[in-house]
Amino acid sequence: MQDKHIELATELRRALPDAFIQAEFDAVVAAFNERIEELEAKDKKWQTSVESLERQLEEDMQIIKYQKQQLDAVFSTLRPHIIDLCGVVEVLKDYRAFDDTRKEVKQAIVELTSCLPPKEQSDDND
């Protein structure tokens, strides 16, 4: 079967003039070249886009780096104050516990004194 195809191709080659074959070949080559140019143009466009995105990414990274430095500086400044505030919170918790205990003691005194008999009036002026 393959031999038959080769034979047909050989006969076709003999039957067609060289100018026709060359014209068809040139048309195919031109179509390939046109497609290659399109792909190269797209590649250049994508390359330009990628380069633009890379530049933007680099700029964004620089901004982020600068902002991180600023935040680190702010945190370094605030850190001692945060530690102080944590201490104040602990003191306030202790005071609140003390205040709650004081209120409980006061309530217990009120309850105990309400159980005592009323005081008798003493006449110390006599």
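Odds and ends about this structure:
- Taking GluC sites (Glu not before Pro) across segment 54-126, the ones in a DSSP loop with at most 14 further Cβ atoms lying within 10 angstrom of their Cβ are Glu120.
- The eigenvalues of the Cα gyration tensor, multiplied by 5 and square-rooted, give segment 2-114 an equivalent ellipsoid with semi-axes of 94, 23, 9 Å from largest to smallest.
- Set against the 2.2 N^0.38 Å expectation for a compact globular protein, segment 7-56 has a Cα radius of gyration ratio of 2.06.
- Straight-distance candidates among the lysines for linking to Lys119, with alpha-carbon spacing under 29 Å and chain neighbours fewer than 8 residues away dropped: Lys103, Lys106.
- Near Ile21: Cβ cut-off under 14 Å, other residues only, Lys/Arg at +1 and Asp/Glu at -1. The net charge is -2.
- Vicinal HN-Hα couplings computed from phi for segment 17-31 (Karplus, 6.51 cos²θ - 1.76 cosθ + 1.60; Hz; Gly/Pro x): x, 4, 5, 5, 4, 5, 5, 5, 4, 4, 5, 5, 4, 4, 5
- Segment 32-73 shape via C-alpha gyration tensor axes, a/c threshold 1.5: prolate
Read-outs throughout are calculated quantities, based only on the coordinates presented, and are distinct from any laboratory measurement. Since the structure is predicted, the reported quantities are computational estimates derived from the model, not experimental observations. So basically every Cβ, Gly included, is an ideal-geometry build from the backbone, and we count neighbours across all protein chains shown.
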